[in-house]
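The values are calculated or read from the model by the stated rules, or taken from the named source; none is laboratory data. Treat the numbers as computed from the prediction; the structure is a model and nothing was measured. Glycine also receives a Cβ, built like all others from the backbone with ideal geometry; neighbour counts cover every protein chain displayed. Surface areas here come from the heavy atoms of the whole protein model, side chains and all, with no ligands, DNA or RNA. Shrake-Rupley method; radii C 1.70, N 1.55, O 1.52, S 1.80 Å.
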Amino acid sequence: MAKNYPHLAMPLPGPKAKAMIERDARVMSQNYSKDYPLVAARGEGVVIVDVDGNRFLDFGTGIAVTATGHSHPKVVDAIKKQAETFIHMCYTDFYYDNLITLGERLSKRGPAPGDWRVFFANSGAEVVEGAIKLARVVTGRQKVIGFYGAFHGRTYGAMSLTASKLVQKRGYAPFLPEVYHTHYANCYRCPVNKESGTCKLDCLDLLTETMFVHTVNPDEVAAIIVEPVQGEGGYVVPHPDFLKRLRELTRKYGILLIADEVQCGMGRTGKLFASEHFDLQPDIVTLAKGIASGMPLAALMARADVMKWNDGGHGSTFGGNPVSAAAALATLDLLEGGLIDNAAKVGKYLMDISKKTLGAHKCVGDVRGLGLMIGLDIVKDKATKEPDGATRLKIIQECFNRGLILIGCGKSTIRLAPALTIDTEDADIAVRILDEAMTALGV
Ligand SMILES: Cc1ncc(COP(=O)(O)O)c(C=O)c1O
């Protein structure tokens, strides 16, 4: 069936969008530089309708959040029913059924065998904070190690572990003490061919032969936090042995391994947990973004023997809000009812056509990803792979003017992070628009 999107009725931004952006400039904190002027009025599945009636195909999903598409009727219904029942109780002091049910379903389906427990919060940064606190209190150790390129959030602990863009930290020092960074498996840049099987994981040798020898006593490390697929850092899929070796190392030194699955979790990569692609069995997992299709909710999961807080040592007034929990249960039904499989299937299709059609453009240095978490690297030169952020911006803006919503990540990557509901026709439309935009720009 022919799709009725994208459909642009005027040059962008239209008059209503322009007027709203002027209002925003007068009163809102101007800390976000937006790449293009989209003013949303409505969301319907994979489509965003702006205030002037233009219809866009959404491949950004509010930074990989609206997993079931915009306002999925089953999610909306669950939200409405719960809102009519009660909106808030505070799980810190009381109990309610739907959050316990959600805890049961997540703990049964943990990223590794065994008994899992769940703590609910509101945002990715908040569960990363929780993970750091938990790792410290349960190990009695202080040091925490993260990776270059990682993004973990904007609060102080999460920001201290973030090592993505300088602007995210400039001016905000001092950071959390006892936080260190080392190299992630940026395989797509690694001189050793990742396909050849000759990878020696030099990236991890920097940890064991440099950091653990000269600066950090591994016996004092509480946790290493890793994104199984780096998100904000550029949609980077590590060499499969990287996470395996990391797990061996952490076990050797009694270090807890935290998998930050805030972006790559909840089915986006074609499995509920991205860790499953790598047979990674973390001790702690953080989830947020796609968990409740856009309602604020985050989950900190830990093996039962690790989830050992001092009583009253951690909490959150709004965490595990019942309306968000209702949305999460409906989301989980949809994910397990076929959307995770769809992400794997359509993700493979999108990857194949992106490699074939977009990979032929001289500006595309790499196409990589898992499921519906796909990154296109925009480069100055295919041979050197020098990042080209300026061209990335032009492509994203050109796509907006053709009705496709995209966002960037890393130095010059375009992320393809649509709803897990898309079909192959949506994938065709997105790749066609990207292809046309790159051709129009001569890149
Ligand atoms: C891997 C990862 N961790 C943590 C966060 C922080 O999440 P939030 O923005 O909900 O605080 C993000 C957000 O992009 C993320 O991608």
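Data overview
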item: Sequence-distant residues sharing a close amide H with ILE407 (under 5 Å, placed H); result: ARG415
item: Top positive-direction residue, dipole computed over the chain with Cβ charges, set HIS7, TYR349, TRP116; result: HIS7
item: Förster radius 35 Å - calculated FRET efficiency between THR155 and ASP24 (Cβ-Cβ, nearest 0.05); result: 0.90
item: Cross-link partners of LYS74 among lysines (Cα-Cα below 29 Å; sequence separation of 8 or more within a chain); result: LYS3, LYS108, LYS271, LYS289, LYS345, LYS348
item: Segment 1-55 versus segment 132-153: alpha-carbon centroid distance in Å; result: 39
item: Neighbour net charge for ILE258 - beta-carbon separation under 11 angstrom, K R +1, D E -1; result: -4
item: Sequence of CYS190, CYS264 when ordered by accessible area, the most exposed leading, probe 1.4 angstrom; result: CYS190, CYS264
item: DSSP beta bridge pairing in segment 89-320, given as percent antiparallel to the nearest 5; result: 40
item: Dipole of the chain [Lys/Arg +1, Asp/Glu -1 at C-beta], most positive-end residue of VAL379, ILE63, LEU99; result: VAL379
item: Of the DSSP H helices in the chain, those whose Cα atoms cover at least 24 Å axially and whose Kyte score averages -1.0 or more; result: 424-441
item: Distance (nanometres) between label positions extended 7 Å along Cα→Cβ at ASP93 and LYS3; result: 4.8
item: Heavy atoms of GLU104 accessible to a 1.4 Å probe, total area in Å² rounded to 10; result: 100
item: Centroid-to-centroid separation of segment 286-359 and segment 383-443 [C-alpha atoms, Å]; result: 25
item: Estimated inter-spin distance, LYS355 and GLN142, nm [label 7 Å along Cα→Cβ]; result: 4.8
item: The chain, relative contact order in percent, only Cα pairs under 8 angstrom and at least six apart counted; result: 22
item: Label zone at ARG42, where the point sits 7 Å out along the Cα-to-Cβ direction: segment 70-110 residues whose backbone N lies under 17 Å; result: 70-74, 76-77
item: Surface share of carbon and sulfur [accessible, 1.4 angstrom probe, percent] for the chain; result: 54
item: Accessible heavy-atom area order of MET28, MET373, MET351, highest first, probe of 1.4 Å; result: MET28, MET351, MET373
item: Efficiency of FRET from Cβ geometry, ALA440 and TRP309, R₀ 56 Å, rounded to 0.05; result: 0.50
item: Per residue, in Å², the accessible surface of the chain once ligands and nucleic acids are set aside, probe 1.4 Å; result: 44
